[in-house]
1. From the list Glu506, Glu475, which one is under 21 Å from Leu423 (Cα atoms), among the charged types (D, E, K, R) and surrounded by 13 or more Cβ atoms within 10 Å (Cβ to Cβ)?
2. Here are some residues: Leu442, Leu485, Leu477, Leu408. Which one is modelled with pLDDT of 90 or more, in a helix (DSSP H, G or I) and more than 21 Å from Leu390 (Cα to Cα)?
3. Ala284 passes all but one of (1) farther than 26 Å from Tyr567 by Cβ; (2) touching a Pro at 6+ places or on another chain (Cβ under 6 Å); (3) of a type in the set (A, V, I, L, M); which number fails?
4. With the structure loaded, tell me whether Arg91 is touching a helix residue (DSSP H, G or I) at 6+ places or on another chain (Cβ under 8 Å), within 20 Å of Arg11 (Cβ to Cβ) and either open to solvent by 20 Å² or more (accessible area, probe 1.4 Å) or of a type outside the set (Lys, Arg) (or both) or whether it fails that test.
5. Within the range 233-289, track down each residue that is assigned to a helix (DSSP H, G or I), open to solvent by 40 Å² or more (accessible area, probe 1.4 Å) and among the hydroxyl-bearing types (Ser, Thr, Tyr).
6. So which of Glu380, Glu388, Glu427 is part of a helix (DSSP H, G or I), open to solvent by 10 Å² or more (accessible area, probe 1.4 Å) and either under 21 Å from Ser360 (Cβ atoms) or touching a Cys at 6+ places or on another chain (Cβ under 6 Å) (or both)?
7. For the range 629-665, give me each residue that is among the aromatic types (Phe, Trp, Tyr) and either outside any strand (DSSP E or B) or in contact with a Leu (Cβ under 9 Å, 6 or more places away or on another chain) (or both).
8. Filter the range 355-377 for residues that are more than 14 Å from Cys330 (Cα to Cα) and part of a helix (DSSP H, G or I) and give the result.
Amino acid sequence: MPYLGGEEVVRELRRALSNPHVQADRTRYRNAVLRVIRHMAQGVDVSGLFPEMVKASAVPDVVQKKLVSLYVRAQAPRQPQLALLAINTLRKDCAHPSPAVRGLALRSMCGLRMPGIQEYLQQPLLSGLRDKASYVRRVAVLGCAKMLKLQGDCEVDGALVNELYSLLRDPDPIVVVNCLRALEEILKKEGGVVINKPIAHHLLNRMADLDQWGQSEVLTFLLRYKPRTEEELFDILNLLDGCLKSSSPSVVMAATKLFLVLAREYPHVQADVLVRVKGPLLSACTSESRELCFTALCHVRQILRSLPGHFSSHYKKFFCLYSEPHYIKCQKMNVLCELVNDENVQQVLEELKSYCTDVSIELAQGAIFAIGNIARTYTEQCVGILTELLRLQQEHITSAVIQAFRDLVWLCPQCTDAVCRALPGCEDTIQDSEGKQALIWLLGTHGEKVPNAPYVLEDFVENVKSEMFPAVKMELLTALVRLFLSRPAECQDTLGRLLHFCIEEEMDMAVRDRGLFYYRLLQSGVEQVKRVLCGPKSDPSLGLLEDKTEQPVNAWASEFNTLAPVYGRERWALVTAHQPAEPSYTCSPGIDSSNRDTESLISEENKEVLKVHPDAGSLTLIPDVYLTAEQFEKTWLSLNTDWRLSLPWCGAVHPDTIQTALHVVHIQTIAMSKADVQPWKAYLSAQDDAGCLFLTELLLEAADSEMQVSVKQSEAKPEAMQAFISVLQTVMGTAAGLES
C-alpha cells in the first residue's frame, strides 16, 4: 500500500537534497539522506530522487555513503539507466585511499541487481582481490560469488577460480573462510571446492587463527579430505582434539562429525568421541536458546540409536521445565522413554505421571503415550499408573489411556486381564474419535472378558445416527460382529439393528459397503466369519519390531550436525529433493525475471499493443519456461529451419528495449549481442501451452538494414507457427518504433 502524501514528501526531499546550503552543512545533508531512507522504509516511492541521491554519495562522509548505498541497491532495478551514474561514482570510490570506502563501494556494486552489471564488476573485483587491506579482500571474495551467480549458466572464469584458490593462503583468516564459501558457490555444479592434502594441512594449521564461525566452516569442508595413511589420520585427529573442548556448540558438533566420519573404521575411537561430547550436548539441552536445545535433543536421540544407555545416568537433565515450549517437552519425554532402566524407572514414571495432569492437553496425552511405551518393558507398574489416571474421569486423559491400552494389549497379552478390568465406566467419558475407536476395538476383541461389553456397544448403536465420525461406525461394525461370535445371544438384536441402519440409512459409502460386506459374510455361515475375523488377538512377536536394534555409528555419522536429525531422515530427503531452483541472470544483459513488479522500459500503452494477438486463442505462450544455453544449442542443431523472414529496421539496436518487449509476451532471451556489435545477433525461445518450442535467431548485419529472422519449431504445427510469427512481428515492430 503506497504511503499517503508521498508526492508532496518527495518534492520536499528533492528541494532539501538540491539546496546548496544543506549540501554545505554535513549534518543537515546527512539528515536529509536519512529522511529519504526512512520514508523509503515506510513505503514512499522515492525512486524519483535517484539523481539527487547519487550526487549525495560524492562526499567524504562514510556514514552518508552507507545510507546512499542502501538506497541505490534498493532502487537500481527500477532505474537501470540512471543506475549507471551510481556505478561511475562507485568505481571512483573503489580507488579511494580509505579501505572502508573502497570496501563499501565494492560491496555496493556487487549488490546491484540490474542488467549488464557484470561487465562493470570484473575489474574492480580483480583489483579488490589484490588489495592491501584485508577488509577489501573479504568483500571482493564474496563479490566474486555474487557476480558469477548473476551470470547464470555462463562458463566459470578459470583465472578467477585460481585467484581464489591462491587466496586460501591469505594471512587474514576471514579471507580464507570467505574463499572457501565463494569457491563452494562458484563450483557448485562441479561438486564444490576441492580439498587436497596441501589445502587440508594448511587449513588445519590455521585453525587456531579462526573465530568460532570460521572453525565450524573449515571443519565442514575438511570432511571432503580422506587421509591416505593411518598415521596421517591420527595426526589430524590429534590436531582437532581441542575443538571437542570448544565453548561453541557449533564447533563441537562439527568436530564430532569430522571425528566420526574419519574414524569410520575405528569404532572404539567413535565411542570415545561420543563419550567426550556428552557434556557439551547436555549443556546444550539445558540452554536458554530453544532452537539450540531442540537441536541438541534431536542429536541425543540419534546417539541413543547406537548407545542406548549413553545418557541414562543423566536422566534428570531431561525432565521438563514449566517454561519450556511444547515441542521441547515432547522431545524430552521421547528421550526419557529411551533412558529408562531398572534403576531409574520409578523416578521417570513419577515424573511422567506428573505431566499427565498438565493444563496442556497435548502434553498430558504425550506423557500418557510415553508411559504406554515404557509399559512394553515395565508392564505392571505402568498399567497401575494408567489405571489410576482413569479415575480422574477427564475426557482427554481417558481417551489417551484407552489408546495406550489398545496398543499395549496387542504387544503384551499378559496385561489383557488388567486392562479389561479397568474398562467399565470409560464409555461415559470418551467423546473424541480416536478414543472411541480404541474402546470399541478393545470391547470387540476382548469382550468376553468384559461383562458389560455388549451393553456398552448397544449404547453406541443407539446413538449411531448422531455419530459424526465414519471411522467410529466402521470400527463399531467390526467389533460387534466379533463379539457376536463369542456372545451371540446378547449381540444378535443389536447387530441386526446396526446392519439395517448402515445398509439402508447410512449416507457414507465406505460405512455402507462395510455393512454390506459383513451382511453377506454372515450369510455364508458362522465358520466363514470366524475364518475371516477371528485372527490372533495379540502378537507379542511384534514387540521385536518395536525394540530398536542398536545401529552402528556409521549408519548416521554422515547425518550428524545436519538438519536430518531434526526433520527425520525421510522428511529431510524429501525437502532436499524438492528445493526450488534459485533465479539467476542470463549471460546477456537482461531484465531479471523475478522482478515482475519493477518498472519496465515499455509504457503500459505499448504493453497493450504487444498483448494483442492476431488470432485470439490460437497461441498461448507459457511464462517462466526457461532453457539453458546448452539446451538451446542442442535443440537448435537438431532442428531444421521452418520459417525465414526479413523485418525492416532503422537505426541502432537497443538490447534492453527489445528484451523487455519480448518479456512482455513471454519470449525468453537466451543470448543477445551488445548494442554496438556488428553483426548483431540474438537467440530467443518460447513454448506454447501444448509443449511446442519455438527457437528464433535474429541477425542484423548493419544498422539501417533488414533484420533476418529464422524460426525453428519442435513440432510441425503450421497454424501455431504463423501465430508465433505474427506475435514476433508485432513485438519487433513495437520495439523498432520505441527505439526510433
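The values are calculated or read from the model by the stated rules, or taken from the named source; none is laboratory data. Here the structure is a predicted model, which means the values were calculated and not measured. Using ideal geometry, Cβ is built from the backbone for each residue, glycine included, and neighbour counts are taken over all protein chains shown. Areas reflect the complete protein model, heavy atoms only, side chains present, ligands, DNA and RNA absent. Shrake-Rupley method; radii C 1.70, N 1.55, O 1.52, S 1.80 Å.
1. Glu475
2. When all the criteria are applied, what remains is Leu477.
3. That leaves (1) as the condition not met.
4. no
5. Ser250, Ser283
6. Selected residue: Glu388, the only one of Glu380, Glu388, Glu427 that is part of a helix (DSSP H, G or I), open to solvent by 10 Å² or more (accessible area, probe 1.4 Å) and either under 21 Å from Ser360 (Cβ atoms) or touching a Cys at 6+ places or on another chain (Cβ under 6 Å) (or both).
7. Across the range 629-665, the qualifying residues are Phe632, Trp636, Trp649.
8. Selection gives Gly372, Ile374.
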